[in-house]
Amino acid sequence: MLKPIPYARQSISKADIDAVVQVLNSDFLTQGPVVPAFEEAVANYCHAEHAVATSNATAALHLACLALGLGKGDVLWTSPITFVASANCALYCGASVDFVDIDPQTYNLCPIALEAKLLAAEKTKQLPKIVVAVHLCGQSCDMKAIHALSVKYGFKLIEDASHAIGAKYQGEPVGGGRYSDITVFSFHPVKIITSCEGGMALTNNAQLAKTMTRLRSHGISNEPMDMLQQPANEIWNYQQHDLGFNYRMSEIHGALGLSQFQRIDDFINTRHNIAKKYDASFKNLPIVSPWQHPDCHSSYHLYPIRVSKSATGMTQKQVYEALHLANIKVNLHYIPVYLQPFYQNKGFKRGYCKNAESYFQESISLPMYAGMSEEQQEMVCDHIHLVFEKLTVNA
Ligand SMILES: *Cc1c(COP(=O)(O)O)cnc(C)c1O
């Protein structure tokens, strides 16, 4: 039996290992110079003014919500087709969550559905304070349209770009913040680059950056200019101003992230080549490959195909299981967040977002990662053909 082909996997180089070892031999394992260097590199690449590295993207989303003032009584809206963290961040702040259906072609939060929901919410005075736009698979949302709605209805915008470091929108790097307040990246090992665990929040607003930086480290500042008045005969070299967290990224994680980041363009190119190969191979099969919007240059974090029973004669589950039997560990991104038991207990019902649910019932994420060998790519293509040719015969 051949080694299983995962849906995603990190690519670790000798340079990555050396960078980590170098930190281990250095003076600082945390709060040293490497994390700021990583932040600066990402900010420069994305044309953003500030970057705040965190222990993971979930923490960055939490900090972003807090910095934008989300609290009790507020509502955050996001897409149901995302990882649960895009929604959970609202609940951490004592706010509530609601969901906007996806566009059936891009699978991203649909600006038309958003506008319809905003119109209704305006009447009942339940407008969202924040909308989290998730760039699913690494393809940017229609940020221009969503931003226009944020101006009209007065909500803040977070881009959950956990999938999308290295992607472009309208020719500009995702993370540049032209159409949002804060953009969040994830460096989990399945994502485009990894720091083991890690995340980053980018913004062009100095005040938001400062707040996120302070909350990342216990709400403490040690900048002399931030010190509130204290007795002159006492030593006050740090001061806690609000209830923060320990959401810092360590130097070891930062070193791996910074080293990986040197290869970001290679990683994206390789992913595009794999996508091209898949697109060409599946052209004549009765499955739907990911559609690409002309405004977007995706980072291709994921490559979901859609399998409809009416077109293929086989259910998504049958295809999923057939591929797993062949040791091709395809996955599913995502179960609509509001169908999770935790959210069902909050009263969300099946049928709430129709496009999201039909996507959930048809999508299968194929293996896609920079370290995939040609042989592995061919294996995936061959097996997909085998599965669907068998289906066609059986149908
Ligand atoms: C991975 C992911 C997150 C969470 O990232 P972590 O770094 O694991 O906390 C959040 N949102 C989306 C869309 C993700 O894919």
Q) Of the residues that make up segment 249-262, is at least one open to solvent by 60 Å² or more (accessible area, probe 1.4 Å), of a type in the set (A, V, I, L, M) and part of a helix (DSSP H, G or I)? A) no
(Q) Which count do you get for residues in segment 70-84 that are open to solvent by 10 Å² or more (accessible area, probe 1.4 Å) and within 10 Å of the ligand (Cβ to nearest atom)? (A) 2
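Of all the helices (runs of 4 or more DSSP H) wholly in segment 315-395, which have at least 1 residues that are at pLDDT below 95 and open to solvent by less than 30 Å² (accessible area, probe 1.4 Å)? Spell out the reasoning first.
On the way: elements: 316-325, 341-344, 354-360, 374-394.
Filter on segment 315-395 gives 374-394.
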Q | Options Ala95, Ala67, Ala90: the member that is surrounded by 24 or more Cβ atoms within 10 Å (Cβ to Cβ) and away from the ligand (no atom under 15 Å from the Cβ) | A | Ala67
Q.
Please count how many residues of segment 196-207 are surrounded by 24 or more Cβ atoms within 10 Å (Cβ to Cβ) and not in a strand (DSSP E or B).
A. 1
(Q) Looking for something out of contact with any strand residue (DSSP E or B) (no Cβ under 9 Å at 6 or more places or on another chain) and within 16 Å of the ligand (Cβ to nearest atom) - is there at least one such residue anywhere in segment 34-46? (A) no
Q. Given the residues Ile182, Ile193, Ile158, Ile146, which is the only one that is open to solvent by less than 60 Å² (accessible area, probe 1.4 Å), away from the ligand (no atom under 14 Å from the Cβ) and in the same structural domain as Leu61 (by TED's automatic domain parsing)?
A. Ile146
Q. For segment 47-64, which residues satisfy the criterion of being in a helix (DSSP H, G or I) and either open to solvent by 20 Å² or more (accessible area, probe 1.4 Å) or more than 16 Å from the ligand (Cβ to nearest atom) (or both)?
A. Thr58
**Q.** Residue count, segment 5-28 (criterion: open to solvent by 90 Å² or more (accessible area, probe 1.4 Å) and either touching a helix residue (DSSP H, G or I) at 6+ places or on another chain (Cβ under 6 Å) or modelled with pLDDT under 95 (or both))
**A.** 1
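The values are calculated or read from the model by the stated rules, or taken from the named source; none is laboratory data. Everything quoted here is computed from the prediction, not taken from an experiment. Virtual Cβ from ideal backbone geometry, glycine too; neighbours counted across all protein chains shown. Accessible surface areas use protein heavy atoms only, side chains included; no ligands, DNA or RNA. Shrake-Rupley method; radii C 1.70, N 1.55, O 1.52, S 1.80 Å.
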